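Structure incoming, see below.
The values are calculated or read from the model by the stated rules, or taken from the named source; none is laboratory data. Given the structure is predicted, the values throughout are model-derived calculations rather than measurements. No Cβ is skipped: glycine too gets one built from the backbone with ideal geometry, and neighbour counts run over all protein chains shown. For accessibility, only protein heavy atoms count, side chains too; no ligands or nucleic acids. Shrake-Rupley method; radii C 1.70, N 1.55, O 1.52, S 1.80 Å.
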Amino acid sequence: AVVFRDGHRALGPLSWTWHSGEHWLVTGENGSGKSTLARLIAGELHSALGGRVRRPFLGRDLLTERRAQIGLVSAELGIRQRRDWTGREVIGSAWSGAEGFSPDLTRDQARTVEELAAHLALTDLLDRGAESLSQGQLRRLLLARAVAHRPRLLILDEGLDFLDAASRAAFLTLLPGLARAGTHVLIVAHRASDAPAGLTHHLHLGGGQVAFSRALRSDSAHLQALP
């Protein structure tokens, strides 16, 4: 694939495969194409003519299907979520992929929202308007939204930024259970040291292309193996 943004090549030519059972770290300098890759995988951007992105885990590769199977946290998403709706609606929109409103939830979905809010110390934000929240508060809601529907892919594009140590630790405790249930994780970060433990592979981008791609050390604790 090759992706152009604002008339400039932002990514590619790039050929890369994310296999079942893999959890990836993606690093690179500013402008290397990390966020473009994340949004391409999520279906928010499209490759130029001649490129191809295959998502074989989807029955139909439509926007609604992608949003139902992919959890994404990014700076762009944070900007779009600053609307006149509550924290409860932000998290509850996970199942529909809607932005700007949240359809009525089932009893189980509503219970999941409450449980996630309690685990991530978000209960006091559920009835507050998203427009009134700090970056850190909104980011915590978006992380809850990204995992509420137990997506097939979870993509965090510097998604742990703006979190204090306690909030980061609370969220990371969710990842092993998600991985065991079939969620595959991709973390975009500036440095390898910013990534949580348990990832299996590392992709480093430079100038929109692959600088290197490698498996991480075999003695690393994989997400599925963490308690």
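Okay, residues lined up against (1) more than 19 Å from A195 (Cβ to Cβ); (2) of a type in the set (A, V, I, L, M); (3) surrounded by fewer than 21 Cβ atoms within 10 Å (Cβ to Cβ):
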position: R9; (1), (2), (3): yes, no, yes
position: W16; (1), (2), (3): no, no, yes
position: E44; (1), (2), (3): yes, no, yes
position: L58; (1), (2), (3): yes, yes, yes
position: R66; (1), (2), (3): yes, no, no
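Have a look at S193, S167 and point out the one that is at pLDDT below 90 and in a helix (DSSP H, G or I).
S193
Of the residues that make up region 7-25, is at least one over 28 Å from R217 (Cβ atoms), touching a strand residue (DSSP E or B) at 6+ places or on another chain (Cβ under 8 Å) and small (G, A, S)?
yes
Check S102 against each of (1) within 23 Å of L203 (Cβ to Cβ); (2) in contact (Cβ under 8 Å) with a residue 12 or more places away in the chain; (3) in a loop (DSSP other than H, G, I, E, B) and name the one condition it does not meet.
S102 satisfies all of (1) within 23 Å of L203 (Cβ to Cβ); (2) in contact (Cβ under 8 Å) with a residue 12 or more places away in the chain; (3) in a loop (DSSP other than H, G, I, E, B) except (1).
Can you find even one residue in region 211-222 that is of a type outside the set (D, E, K, R) and within 24 Å of A117 (Cα to Cα)?
Looking for residues that are of a type outside the set (D, E, K, R) and within 24 Å of A117 (Cα to Cα), one finds none in region 211-222, hence no.
Is one or more of the residues making up region 116-135 open to solvent by less than 20 Å² (accessible area, probe 1.4 Å) and touching a residue at least 60 places away in the same chain (Cβ under 8 Å)?
No, region 116-135 contains no residue that is open to solvent by less than 20 Å² (accessible area, probe 1.4 Å) and touching a residue at least 60 places away in the same chain (Cβ under 8 Å).
A quick yes/no check of all residues on (1) more than 23 Å from W95 (Cα to Cα); (2) part of a helix (DSSP H, G or I):
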| site | (1), (2) |
| --- | --- |
| E22 | yes, no |
| L25 | yes, no |
| R39 | no, yes |
| E44 | no, no |
| R60 | no, no |
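Take V113 and decide whether it is β-branched (V, I, T), within 18 Å of F171 (Cα to Cα), in contact (Cβ under 8 Å) with a residue 40 or more places away in the chain and surrounded by 18 or more Cβ atoms within 10 Å (Cβ to Cβ).
The answer is no for V113.
May I ask you to list pairs of residues, at least six apart or on different chains, whose Cβ atoms are under 9 Å apart, with the first in region 161-180 being in contact (Cβ under 8 Å) with a residue 60 or more places away in the chain and the second being surrounded by fewer than 17 Cβ atoms within 10 Å (Cβ to Cβ) and not in a helix (DSSP H, G or I)?
Taking only residues 6 or more apart or on different chains, the pairs are A179/L226.
Please work out if R39 is more than 26 Å from H204 (Cβ to Cβ), buried (at least 19 other Cβ atoms within 10 Å of the Cβ) and within 12 Å of the chain's Cα centre (by Cα).
Here the answer is no, as R39 does not meet what is asked.
Looking at (1) at pLDDT below 95; (2) open to solvent by 30 Å² or more (accessible area, probe 1.4 Å); (3) closer than 26 Å to L37 by Cα, which is the only condition G198 fails?
(2)
V2 fails exactly one of the following numbered conditions: (1) open to solvent by 10 Å² or more (accessible area, probe 1.4 Å); (2) modelled with pLDDT under 95. What is the number of that condition?
(2)
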